[in-house]
Amino acid sequence: MDAKTHWEKVYATKAPESVSWYRAHLETSLALIERAAVARSSPIIDIGGGESTLVDDLLLRGYKNLTVLDVSRTAIEVTKKRLGSAAQQVRLLVGDIFEIKLEPHAYDLWHDRAVFHFLTTAERRLAYVRQVTSAVRPGGHVIVSTFGPEGPTKCSGLAVMRYDAESLHGEFGERFRLVQSSKELHQTPIGTAQQFLYCYCRLE
């Protein structure tokens, strides 16, 4: 089963609040985005944004140039419906991160809490980093969250990678200057705990 088919099935059969990664508000991501001091008009892209409420909270904070990318059309349609008329203020994209052509140096900030830890081969991770390097302007901000060293080994039935700050930063290379890393204990909807790692970098 390819990624698109897998995630379409997940989002078609599970309520947004029932998936393990659900969080009503992504407080850590929001704090890092605001710390990056990105102007409210600066372009931000959320990779694998799916049904996440991050875009809602960014709109409430006055951000005006937002893009959400997900491989699942079902997830994007849920977000569009939830946003209502506010969806007109957001660019909602359906596409595979490895196939979609993002405009070069179009974004001031790249956010991902959903995709990178599913990339279990070096080739896929290198291709992802090439997309980041192409799509983010020099001097831009990159916030990537994955499962931490004590996080789960599978998510949604798929194998995942786990990282500490050094190993995650190592995947991106010298052009990405690490500004901050932190761990978060995420409580899933069924009450279990998952360790997430956040890394915030600047692209030199």
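The numbers here are math on the coordinates, done by the rules we state, and not lab data. Bear in mind the structure is a predicted one, so any value in this text is a computation, not a measurement. All Cβ positions, glycine included, derive from the backbone under ideal geometry; neighbour counts span all protein chains shown.
Set the Förster distance to 22 Å, then compute FRET efficiency between residue 130 and residue 167 from the Cβ-Cβ distance, nearest 0.05.
0.70
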1/(1 + (r/R0)^6) with r = Cβ-Cβ of residue 180 and residue 89, R0 = 35 Å, i.e. FRET efficiency to nearest 0.05, evaluates to 0.75
Karplus (6.51, -1.76, 1.60) ³J(HN,Hα), θ = phi - 60°, over region 3-8, in Hz, Gly and Pro reported as x: 4, 4, 4, 4, 6, 4
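Over 19 Å between Cα atoms: which of 4/101; 9/154; 9/101; 14/81 fall into that group? Present the calculation step by step, with values, prior to reporting the outcome.
On the way: 4/101 17 Å; 9/154 17 Å; 9/101 25 Å; 14/81 16 Å.
Long pairs (Cα-Cα over 19 Å): 9/101.
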According to the Cα gyration tensor, what semi-axes, each the square root of 5 times an eigenvalue, does the equivalent ellipsoid of the chain have, listed from largest to smallest in whole Å? 22, 21, 17
Less than 12 Å Cβ to Cβ from residue 204, Lys/Arg counted +1 and Asp/Glu -1: what total charge do the surrounding residues give? +3
Under 10 Å, Cα contacts only: if you run a Gaussian network model on the chain, which one of 192, 79, 28 comes out with the highest mean-square fluctuation? 192
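Would you work out the charge dipole size for region 93-204 about its Cα centre, treating the Cβ of every Lys and Arg as +1 and the Cβ of every Asp and Glu as -1, and quote it to the nearest 20 debye? Numbers along the way, then the final one.
Values: 12 positive and 13 negative charges, 5 e Å.
The calculation lands at about 20 debye.
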Quick check: pseudo-label points 7 Å beyond the Cα along Cα→Cβ at residue 153 and residue 80, how many nm apart are they? 4.0
Under 20 Å by backbone N from the virtual spin label 7 Å along Cα-to-Cβ at residue 96, the residues of region 2-38 are 2-12
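Could you give the length gained on full extension between residue 204 and residue 59, defined as 0.36 nm per residue of separation minus the Cα-Cα distance, in nm? Can you show the working numbers first?
Working: separation 145, 0.36 × 145 = 52.20 nm, distance 2.77 nm.
Length gained between residue 204 and residue 59: 49.4 nm.
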Between residue 41 and residue 5, with labels modelled 7 Å along Cα→Cβ, what's the label distance in nm to one decimal, could you check? 4.6
